[in-house]
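Colleague: Shown below is the structure under consideration.
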């Protein structure tokens, strides 16, 4: 496999001189290419023992994500690399944790796609999307990506989505302004009802 690290290093050194000349489409293309290269480099850094063999994802999908079913299939499938996973409990547990993370991340990315702009103007929050079934709240921030909040009850999610809080500070940014007493306020509601309550969260894009 080609060592990408020196190539990436040269590209990164040259980026500052050309980044401002790129159109949004060209910038996205460069970003996507570098992200893919980064994944390739990270794959190289993973030891052979920690790699998930080809076919293991399909097997996990076939097992419906059930650990016992996956272990059973891993023993039966005619593939020595996958058989090796099933032969060692620690290796099996590690593989299952990684596979669960891979599929959970794909589900999350699918759910957060197409977040609409919020009806309430906000200098902090661009938009949101809530899944009552999974109690998952996706919040797209102004200029700062998408975050996923887990285990958010529908009653709490509604308080946030309605901006049911009063701003306690004042100021402005490129996206708008806020002032003490502003209500409804998505930013204040996010702080009071989501962040301060400590729901598990993760930045996903």
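The values are calculated or read from the model by the stated rules, or taken from the named source; none is laboratory data. The structure presented is a predicted model; accordingly, all values stated were derived computationally and were not measured. Please note: Cβ atoms are built from the backbone with ideal geometry, for glycine as well, and neighbour counts cover all protein chains shown.
Residue-wise test of (1) within 30 Å of residue 32 (Cα to Cα); (2) in contact (Cβ under 8 Å) with a residue 40 or more places away in the chain.
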position: 121; (1), (2): no, yes
position: 124; (1), (2): yes, yes
position: 150; (1), (2): yes, yes
position: 164; (1), (2): no, no
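Colleague: Give the residues of the range 61-76 that are in a helix (DSSP H, G or I) and closer than 16 Å to residue 101 by Cβ, sorted by residue number.
Modeller: 61, 67, 70
Colleague: Need the failing condition index for residue 144 against (1) over 15 Å from residue 195 (Cβ atoms); (2) in a loop (DSSP other than H, G, I, E, B); (3) modelled with pLDDT under 90, just the number.
Modeller: Only one criterion in (1) over 15 Å from residue 195 (Cβ atoms); (2) in a loop (DSSP other than H, G, I, E, B); (3) modelled with pLDDT under 90 is unmet by residue 144, namely (1).
Colleague: Kindly list the number of the only condition in (1) in contact with a helix residue (DSSP H, G or I) (Cβ under 8 Å, 6 or more places away or on another chain); (2) at pLDDT 90 or above that fails for residue 188.
Modeller: (1)
Colleague: Tally time: how many residues in the range 45-57 are surrounded by fewer than 12 Cβ atoms within 10 Å (Cβ to Cβ) and either modelled with pLDDT of 50 or more or farther than 18 Å from residue 80 by Cα (or both)?
Modeller: 4
Colleague: How many residues, within the range 114-132, are at pLDDT below 90 and not in a strand (DSSP E or B)?
Modeller: Summing the residues that are at pLDDT below 90 and not in a strand (DSSP E or B) in the range 114-132 gives 9.
Colleague: Test residue 172 against the stated conditions and say whether it is without any contact (Cβ under 8 Å) to a residue 60 or more places away in the chain and over 16 Å from the mean Cα position of the chain (by Cα).
Modeller: When the stated conditions are applied, residue 172 passes them.
Colleague: Report yes if some residue within the range 167-181 is assigned to a helix (DSSP H, G or I), surrounded by 13 or more Cβ atoms within 10 Å (Cβ to Cβ) and modelled with pLDDT under 95; otherwise report no.
Modeller: No - not one qualifying residue is present in the range 167-181.
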